[in-house]
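Quick notes on the structure that follows.
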């Protein structure tokens, strides 16, 4: 569901005079409050083993539970994208990140609790201290390393991850 269909009342005064103002905003004609639905920042990592295979996770939760994914998640308040990817990799894989290299970013729509959240997904190439100590946790049901030539973007549940797999495998 688009945010413009989700919000029926002004979050400031409670008025029903809360209407679409632009493609990304709504405004209350009673109190003047404006709400902007800007993109949330998210991060994802490409991690390879010594054989050059890519670490791929299976999503433990919705949206798109059971599909393939790259490890990552949302950037928290007061956190850089680099800090977020380190935190997310620790939460999801118990990984100690030793290197973070920015690769590219892609827009995405992330369906959460019936609301379509616009995101800007930031992709990194990461190295971890000890790949043999990784453990699936948090939002990750399991993980494996897959040779790059065997990756099929359609197996990944999120659009931005599908596009990232296509982009990364063409340039790596």
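The values are calculated or read from the model by the stated rules, or taken from the named source; none is laboratory data. All values reported here derive from a predicted model rather than from experimental measurement. Every residue, glycine as well, gets a Cβ built from its backbone with ideal geometry; the counts of neighbours run over all protein chains shown.
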Practice item. Check every one of the strands (runs of 3 or more DSSP E) wholly within segment 1-85 and list those with 1 or more residues that are within 15 Å of the chain's Cα centre (by Cα). Key: 40-46, 54-59, 72-74
Check your understanding: Which residues, taken from segment 124-172, are more than 12 Å from residue 54 (Cβ to Cβ), assigned to a strand (DSSP E or B) and touching a helix residue (DSSP H, G or I) at 6+ places or on another chain (Cβ under 8 Å)?
Key -> 124, 128, 140
Exercise for review: Would you check if residue 110 is at pLDDT 95 or above and touching a helix residue (DSSP H, G or I) at 6+ places or on another chain (Cβ under 9 Å)?
Suggested key: no
Check your understanding: Here is a list of conditions, (1) exposed (fewer than 13 other Cβ atoms within 10 Å of the Cβ); (2) without any contact (Cβ under 8 Å) to a residue 60 or more places away in the chain; (3) touching a strand residue (DSSP E or B) at 6+ places or on another chain (Cβ under 9 Å), and residue 107 meets all of them except one; can you say which number that is?
Key -> (2)
Review point. Can you name the number of the only condition in (1) part of a strand (DSSP E or B); (2) under 15 Å from the mean Cα position of the chain (by Cα) that residue 99 fails?
Key: (2)
Study note, to complete from the structure: residue 38 meets each of (1) more than 30 Å from residue 20 (Cα to Cα); (2) touching a residue at least 40 places away in the same chain (Cβ under 8 Å); (3) loosely packed, with under 14 Cβ neighbours inside 10 Å with one exception, condition (1)
Study note, to complete from the structure: Apart from one, (1) more than 14 Å from residue 124 (Cβ to Cβ); (2) crowded, with 17+ Cβ neighbours inside 10 Å all hold for residue 78; the odd one out is (2)
